[in-house]
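To start, the structure itself, in C-alpha cells.
The values are calculated or read from the model by the stated rules, or taken from the named source; none is laboratory data. Note that the structure is a prediction, hence the values are computed from the model and not measured. Methodologically, a virtual Cβ is constructed for each residue, glycine included, from the backbone with ideal geometry; neighbour enumeration extends over all protein chains shown. The protein model used for the area step is the full one, side chains on, heavy atoms only, and it has no ligands, DNA or RNA in it. Shrake-Rupley method; radii C 1.70, N 1.55, O 1.52, S 1.80 Å.
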Amino acid sequence: MEKPEMMQENLTRPWHERIDPVTKLLLIAVLTLLSFVLTNIFAEAALILATIFLLLFSGKLGSSMKALGFCAFMILTMLLIQGLFYPHNETLAFSLGAIAFYQEGLTYAALLGCRIIVIVLATNFFMRTTTISENAKYLENAGMKYKTVYLLMSVCYILPQMMQNLKKIQLAQRARGIGEQKSLIQKFKTILPILIPLVIKTLDQSMSRSISLQLRNFESKKRTVRALRRTYLMDKMFHRALGLTSIILIGCKVWMLINK
Amino acid sequence: MTKIEINDLKFTYPGDNFGLKIKHLTFSEGMIAIIGQNGAGKSTLLRLLSGLNQPDSGEITVEGQNLNDYIGDKRLERIGLTFQDPNDQIFNATVKKEVEWGLRQMDKSETEVERITEEVLQEVGLADKMDENPYDLSLSERKLLSIATVVAVRPKILLFDEPMMSLDWPSRKKITAIFRYLADRGHVVITITHDMDWVLEEYEDVYAMAHGELVYSGKTSEFFESPSLVEEVGVLLPKATEVKRELDRYLKEK
Amino acid sequence: MDANQQIVLDNLSVRYRGEDEEALKGISLTAKTGQIIGIIGNSRSGKTTLCDVLSGIIPNIVSSHVSGTVRLGEFSPFEAFDEYNFHTGVVLQNTAGQLSGLSDTVFDEIAFGLINQGMSEEEASKSVVRAACQMGLEDLLEQAPDTLSGGQTQRLAIASEIAFDPEFLIMDDPTSQMDPVGRKEFFEWLAGCSEKTIFIVSNEVDDLCEIADQLWVLEKGELIASGKPLDVINQVAEGHDLYLPVVYRMAKELGKKLPSGLFPVKLSELKGCFDDQN
C-alpha cells in the first residue's frame with residue numbers, strides 16, 4: 001500500500017536507510033577483502049575506525065557493542081595462544097614469570113583479531129540498518145525468485161534466531177535454578193549441554209514456518225512483486241563501483257599469495 | 001509459615017511505558033489465583049515474584065526476608081516458575097531428562113531422581129512418553145511437561161502462568177489435584193488464569209489486576225457478585241454464574 | 001443434496017511414518033457445507049491430525065500413510081492440492097510459527113497471502129484493513145508482529161487467513177492464548193460467519209454448543225459421535241471423560257429435560273425447558 005506518510009518518509013529518512021541492501025552487502029564484501037589484503041596493523045586499525053564511524057554516524061554503535069564484547073573473548077584467546085605457540089615466534093615481547101610471549105605471534109593474532117572486528121562490525125551495520133522484509137522486497141524487485149530470496153533470508157537470519165532461542169533457554173535455566181554465570185568457562189559449561197536442543201528447537205521453528213509458507217502459497221507464480229516504497233541513492237552506481245572494487249581486491253590477494 | 005509480602009512495588013520494562021505499581025499485597029500458603037486482561041501486568045508480577053526481574057523500587061519479602069536473600073543459592077527449593085509458552089521452558093533431549101534436570105541440581109541420589117521423575121510423569125499422565133523428544137509432544141503435553149518439571153522439585157513457592165492453557169478435561173482435573181495437594185502441604189501455589197469457572201470453583205480468594213495495578217484482593221464469590229469490579233478488571237463472569245443469572249432474569253420476566 | 005455442497009470423509013485413516021498405531025482410524029461422515037463444525041476430544045484423540053488432513057498438510061507437505069477420501073465441496077486435498085489450498089484458510093495450533101517472518105508490520109503480514117495470490121497492492125490493502133477490523137487489529141497495523149502478545153498473534157493469524165476470503169476455514173485451537181473478553185469477541189464473530197464452512201478445534205465446549213451447527217467428537221483416533229451439539233453431548237455424556245457444558249450440567253442438576261428427553265446444551269434450550277412446564 002502506498003500511503004502518503006510513506007512517501008514523505010523518503011525525504012526525511014536518515015542516510016543509512018537511503019542506501020540499498022545490496023550496496024550494504026557489497027560493502028561488507030569490500031571491507032572484508034580489504035582487511036585481508038592489508039597486512040599492516042595500523043592500516044587495519046584505520047579500517048576498524050572507518051567501520052566504527054559508519055556505525056557511529058548511523059547511530060547504531062551502542063547496539064553493536066555486545067557483538068564486540070563477544071569478539072573480545074575470541075581475540076584474547078587468540079593472543080594468548082599465538083603469543084605463546086606461534087611457529088615463527090622469535091622476538092621476546094614480554095614475560096609473565098616463566099611464561100614468555102613473543103612479538104611475532106602477538107602481531108599475527110592482532111592482525112587476525114582486527115579482521116574479525118572489521119567483519120563483525122560491517123555485518124552489524126548491515127543487520128542493524130536493514131530489516132528482513134526490506135531486504136526481501138529489494139531482492140525480489142531486483143529479479144530474484146521469491147523462494148531463493150526466502151532461503152537466503154533464512155540463512156542470514158538463522159544466527160540471530162538461534163541467539164534469541166539461546167536467550168530464552170538461558171532464562172528458563174535461570175528460572176530453574178542456574179544462577180547468573182559470572183565466568184566465561186561457567187557460561188560455556190551451561191551452554192554446552194543445550195546445544196543439541198537449541199538446534200532442534202530452531203529446526204522445529206523452521207519446519208513449522210516452511211509448512212505455513214507453503215500453505216500460504218509463497219511459491220505461487222501469480223505472486224505480485226510489491227513496489228518498493230523507498231527510493232535509494234544511486235544504487236546502480238554503488239553496485240558497480242563496489243563490485244569492481246571487490247574483484248580488484250580479490251585479484252590483489254591472489255597476486256600476493258602467488259608471489260609469496 | 002511462608003508468607004509473601006509486597007510493599008510499594010514499582011517496575012517498568014526498559015524502553016516501555018508500561019509500569020507495574022502495587023502498594024501492598026500479601027500471599028500466604030494455599031492456592032492463589034491472579035486474574036485480569038492480557039497486558040494487565042500479571043506475568044510481570046510473576047516474574048518479579050520469581051526474582052528473575054528486580055523491582056525498580058519497593059520490596060518483596062518472604063518470611064520477613066528480602067526475596068533475593070530468601071532465594072539465595074537455593075532457588076530450586078524455594079521458587080519454581082513456568083512460563084506461559086512451554087516452548088520457552090524446555091531444553092532437554094527427552095521428557096525424562098527434562099524432569100530429571102532440576103532434580104539433578106539438588107543433592108538427590110540417583111534412585112531418588114528416578115523415582116520422583118517416574119512418579120511425577122505418572123501424575124501428569126506422561127509416563128508412557130518418557131523417552132520421547134519434547135518437540136514430538138503435542139502442545140498440551142508440552143504444557144504438562146513444563147508443569148511437571150517444577151512440581152518434581154517441590155519448591156516452597158510455585159508460580160504458574162496459565163497452566164490450563166490448551167489442556168483437555170482429564171489433564172485439567174489432574175493439574176487441579178496436584179495444585180490442591182501442594183497447597184494442602186504448605187506450599188504457596190500462585191496461578192495466573194483466564195478460566196473464571198475454575199477460579200470460582202477452586203479458589204477461595206482471588207487477586208485481580210488491571211493496568212498494572214492490583215484492583216481487588218479478597219473472596220472470589222464477592223468479586224463476581226460486583227458487576228463494576230468485573231467490568232473494571234475486564235474479565236467475564238464464570239459461565240456457571242452467567243447461565244444462572246440469565247435463567248433467573250428470564251424466569252423473573254415471565 | 002448437491003455433491004458440491006457436501007463435506008465427505010470416507011474411511012479416512014492416517015498413520016504417521018515410523019508409528020505403528022494409526023492417528024486416525026477409518027473416519028466416515030458427511031455434512032453440508034456452509035456450517036460451523038466444532039471438533040472436540042481429549043489429548044491424542046486425533047484433532048490436530050484431522051486439521052492437518054483437512055488443511056492438506058498431510059500428506060502434501062508432511063508425508064504420511066493416508067487412505068480414504070476427503071472432499072470439501074468440489075475440492076479434494078488428495079487431488080489438486082494447489083487448487084484446494086487456494087480455497088482453504090488454515091490457522092495452525094502453533095500460531096507464532098505460522099507467521100511468515102518476512103514482515104515488518106502487522107499490515108504486511110496480513111497482506112502476505114494476498115500478494116502471493118497475485119492480488120494488486122491497492123486491492124490487497126482494502127482486504128487487509130477489512131480483515132484487521134474484523135479481528136480488532138486496526139490500531140496495530142503498523143506494529144511489528146513479534147511485539148504482539150499471544151492472543152494478538154492468534155488474532156493476526158486468523159486475520160491473515162480471512163483476508164483472502166476462503167470458502168473453508170480450518171482453525172486448530174485459535175483462542176488458547178486469548179483472554180476471556182478476546183475469546184468472547186472471537187466466538188461472537190464466528191457466530192456471524194454465515195456463508196463460510198468452518199472447522200474449529202477447541203476446548204471451549206460451552207461456546208461451541210452455542211454457535212456450532214455440528215460437533216464431531218474424536219477419541220483415540222476414532223469418531224465417536226457427530227451431529228447437532230444437543231444430540232452429540234447427550235450421547236457422549238456418559239462413559240467418556242469429556243468436559244460437559246455448564247448448561248447441560250445445570251439442567252441435569254435441576255432435572256430439566258427437553259420434550260425429546262434430552263438435556264439441553266444451549267442457554268435458549270434451557271430457557272425453553274421452563275416454558276414447557278407452563
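Across the cross-link table entries B:244/C:257; A:24/A:221; B:173/C:47; A:66/A:168; C:47/C:196; A:60/A:147, which are compared at the Cα atoms, the separations over 22 Å belong to A:24/A:221; A:60/A:147.
Label-to-label distance, residue A:239 versus residue A:71, with points set 7 angstrom from Cα along the beta-carbon direction: 2.9 nm. Give the distance, in whole Å, between the Cα centre of segment B:160-210 and the Cα centre of segment A:120-141. Cα centroid to Cα centroid, the span is 46 Å. Sort segment B:65-166 into rounded, prolate or oblate with this rule: let a ≥ b ≥ c be the square roots of the eigenvalues of the Cα gyration tensor; rounded if a/c is under 1.5, and if a/c is not under 1.5, prolate when a/b is larger than b/c, oblate otherwise. Taking the square roots of the gyration eigenvalues as a ≥ b ≥ c, segment B:65-166 is oblate. Placing dummy labels 7 Å off each Cα toward the beta-carbon, the span from residue A:50 to residue B:17 is 4.3 nm. Excluding ligands, DNA and RNA, the accessible surface per residue across segment A:145-215 is 58 Å² with a 1.4 Å probe. Per residue, segment C:102-258 exposes 36 Å² of accessible surface when a 1.4 Å probe is rolled over the protein heavy atoms with every protein chain present.
Interface area, chains B and A: about 1700 Å² of buried accessible surface, summed, with a 1.4 Å probe and ligands, DNA and RNA left out. Accessible surface computed residue by residue for chain B, with neighbouring protein chains in place and a 1.4 Å probe, gives 42 Å² per residue. Computed over the Cα atoms of chain B, pair by distinct pair, the Kirkwood hydrodynamic radius stands at 19.2 angstrom. Membrane-span-like helices in chain B, defined here as complete DSSP H runs extending at least 15 Å along the helix axis by their C-alpha atoms with mean Kyte-Doolittle hydropathy no lower than -1.0, are B:110-124, B:139-152, B:169-184; this is a sequence and geometry rule, not a statement about a membrane.
Once the Cβ-Cβ distance of residue C:4 and residue A:260 is raised to the sixth power relative to R0 = 60 Å, the FRET efficiency obtained is 0.20.
Annotation: aspartates and glutamates with alpha-carbon distance below 12 angstrom to residue B:3 (same-chain offsets under eight excluded): B:29, B:63. Between A:158, A:185, A:81, the GNM of chain A built on Cα springs shorter than 10 angstrom shows A:185 fluctuating the most. Accessible area of the protein assembly as shown with a 1.4 Å probe: how many percent of it is carbon plus sulfur? Here carbon and sulfur together make up 55 percent of the probe-accessible area. For chain A, take every pair of Cα atoms, bin their distances at 5 Å starting from 0, and report each bin as a whole percent. All Cα pairs considered, the percentages come to 1, 5, 9, 12, 13, 14, 14, 12, 9, 6, 3, 1, 1, 0, 0. Entry note: chain C has Rg to Rh equal to 0.99, where both radii use alpha-carbon atoms and Rh is the Kirkwood radius.
With only Cα atoms counted, segment A:145-215 has Rg and Dmax values of 15.2, 48 Å.
Put simply, the C-alpha atoms of segment C:152-278 give a gyration tensor, and the ellipsoid matching it has half-axes of 29, 17, 14 Å, longest first. Simple spin-label estimate for residue B:77 and residue C:275 gives 6.6 nm between the two label positions (7 Å along the Cα-to-Cβ direction from each Cα). Each 10 Å bin, from zero up to the one with the longest distance, holds this percent of the alpha carbon pairs of the protein assembly as shown: 2, 11, 19, 22, 20, 14, 7, 3, 1, 0, 0. Net length available on complete extension from residue C:78 to residue C:63 is 4.2 nm, with 0.36 nm assigned per residue and the Cα-Cα distance removed. Potential lengthening of the chain between residue A:141 and residue A:37 amounts to 34.1 nm, from the contour at 0.36 nm per residue minus the alpha-carbon distance.
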